[in-house]
Amino acid sequence: MKSSGKAERRKKKKKRAPLPVSRSPVYTLGVETSCDETSCAVIKNGTEILSNVVSSSLFRHKKFGGVVPEIASRHSMEQIRCVFHEALEEAKIKASDLDLIAVTQGPGLIGSLFVGVSFAKALAYELEIPLVGVNHMEAHLVSNFFEKPAPKRYVGLLVSGGHTMITFCHHQTIKVLGETIDDAVGEAYDKVAKILGLGYPGGPVIDALSKKGDPRAVLFTRPKLQGRFDTSFSGIKTAVLYLVKDPKTGRPKAHAPSKEDIAASFQHAVIGWLIDKVLDAAEDRGVSDIVVGGGVSANSYLRKKLGWEAGARGYQVWFPPISLSTDNGAMIAKRGYELYKKGIRSTLNMTGDPALTINKGNG
Ligand code: KG4
Ligand code: ZN
């Protein structure tokens, strides 16, 4: 039987020499599709962002008041190829110039993860270059280290729509000291915004509205937790609900505090709790640096208040640039580059893992 033209071309294709173990990748592609963003980025030598293209499906979820997984994965399927080509174009390189592919392996939405992982695996196979699966939460932390190298030891605060963790990082190895026992802090922002009828996503809206409210108008009870570095945000969400609605009748309350005051008080409470936890962890671990990552790191009150309080105690506080706070491919490329340099590789059997965890620490 005659082989097809395509198969013939593949046979003739010159084999690319594998990257020598001693050589660092020059061009790393980062692929991120863990939730509602589809992003590809090219970074050079692990530090310089040449391109970071993000296509968000947020506008498609707004009317549902939250991310609809099926819509998010379909959006990624539609967008991934053009986002990839745009990233190459902006970086002014060809696909054949790439040395390494890093892709979000998890945690995230299963359908969305599979789009990125399948795309990255096919590309790595075709280009005959190494592939590294990356933990999305670890990548959020390293989004801080494009400008300046990471401190050797630090306490990391990870605050996103799906996770809230306090971590301890030592020589690029990340351990979880504590995490939320229920809702993530970003999720609490989104749910409170929904209760107040402010739309989705809630974080940026509450952040803005809080500037017009009194942060001491409503006093919320701090949750009592067994784990010293654990957090909980589902109670405060319910407390907000019962501020505006009668728990018995479900009807709106006539004399509820204003939305501005509720937003400001909610924000003052959750940010205050997080700051207390992270300062406690920093003191416990004897570090001098506190690094913040995840979508909620864009929050202006967190930036200001943690900056003051930790600064007054002599800590250096790191926040990523706003453009790298929410999900993006550049942070995936950077974490993949770091892991590759440590000798970590993924095989083509690698698959997306919606519940991928960071190693649990000893507290
Ligand atoms: O890290 P991210 O982009 O996606 C996940 O990995 O989950 O985080 C998204 C979350 C959303 O819950 C959103 O409401 C929140 O980050 N967020 C904010 C702000 N900007 C985004 N929360 C508080 N203040 C903000 N300015
Ligand atoms: Zn994220």
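The values are calculated or read from the model by the stated rules, or taken from the named source; none is laboratory data. Worth saying up front: this structure is predicted, and the values here are computed from it rather than measured. Please note: Cβ atoms are built from the backbone with ideal geometry, for glycine as well, and neighbour counts cover all protein chains shown. Accessible surface is based on the protein model in full, side chains and every heavy atom, while ligands, DNA and RNA are left aside. Shrake-Rupley method; radii C 1.70, N 1.55, O 1.52, S 1.80 Å.
When you go through ALA122, ALA139 one by one, which is the residue that is more than 15 Å from GLY293 (Cα to Cα) and not in a strand (DSSP E or B)?
The match here is ALA122.
State all residues of the range 300-317 that are touching a residue at least 60 places away in the same chain (Cβ under 8 Å) and away from ligand 1 (no atom under 16 Å from the Cβ); if no residue qualifies, say none.
GLN316, the sole residue that qualifies.
Let me confirm something: among ILE322, ILE271, which residue is within 16 Å of ligand 2 (Cβ to nearest atom) and either open to solvent by 10 Å² or more (accessible area, probe 1.4 Å) or not hydroxyl-bearing (Ser, Thr, Tyr) (or both)?
From the options ILE322, ILE271, the qualifying one is ILE322.
Name the residues in the range 130-152 that are crowded, with 20+ Cβ neighbours inside 10 Å and small (Gly, Ala, Ser), would you?
Answer for the range 130-152, where residues must be crowded, with 20+ Cβ neighbours inside 10 Å and small (Gly, Ala, Ser): GLY133, ALA139, SER143.
Among ASP182, ASP214, which is closer than 20 Å to VAL278 by Cα and not in a helix (DSSP H, G or I)?
Result of the check over ASP182, ASP214: ASP182.
List the number of the failed condition for ALA102; all other conditions in (1) in a strand (DSSP E or B); (2) more than 25 Å from VAL83 (Cβ to Cβ) hold.
The number of the failed condition is (2).
Applying the selection to the range 251-268, what residues are open to solvent by 40 Å² or more (accessible area, probe 1.4 Å) and either over 29 Å from the mean Cα position of the chain (by Cα) or free of Cβ contacts under 8 Å to residues at least 24 places away in the same chain (or both)?
Scanning the range 251-268 gives ARG251, PRO252, LYS253, ALA254, HIS255, PRO257, SER258.
Which residue is modelled with the highest pLDDT, if the candidates are limited to the range 247-299 and must be assigned to a loop (DSSP other than H, G, I, E, B) and aliphatic (A, V, I, L, M)?
VAL287
What is the number of the single condition among (1) touching a helix residue (DSSP H, G or I) at 6+ places or on another chain (Cβ under 6 Å); (2) part of a strand (DSSP E or B); (3) open to solvent by 40 Å² or more (accessible area, probe 1.4 Å) that VAL155 does not meet?
Only one criterion in (1) touching a helix residue (DSSP H, G or I) at 6+ places or on another chain (Cβ under 6 Å); (2) part of a strand (DSSP E or B); (3) open to solvent by 40 Å² or more (accessible area, probe 1.4 Å) is unmet by VAL155, namely (3).
Identify all residues within the range 306-349 that are part of a helix (DSSP H, G or I), more than 30 Å from GLY272 (Cβ to Cβ) and hydroxyl-bearing (Ser, Thr, Tyr); write none if there are none.
Passing the criteria: TYR337, TYR340.
Let me spell it out: the conditions are (1) touching a Phe, Trp or Tyr at 6+ places or on another chain (Cβ under 6 Å); (2) open to solvent by less than 50 Å² (accessible area, probe 1.4 Å); (3) more than 30 Å from PHE229 (Cβ to Cβ), and ILE166 meets all of them except one. Which number is the exception?
(3)
For the range 200-214, which residues satisfy the criterion of being open to solvent by less than 40 Å² (accessible area, probe 1.4 Å) and of a type outside the set (A, V, I, L, M, F, W, C)?
If the condition is that a residue be open to solvent by less than 40 Å² (accessible area, probe 1.4 Å) and of a type outside the set (A, V, I, L, M, F, W, C), then TYR200, PRO201, GLY202, GLY203, ASP207, SER210, GLY213 are the ones that fit.
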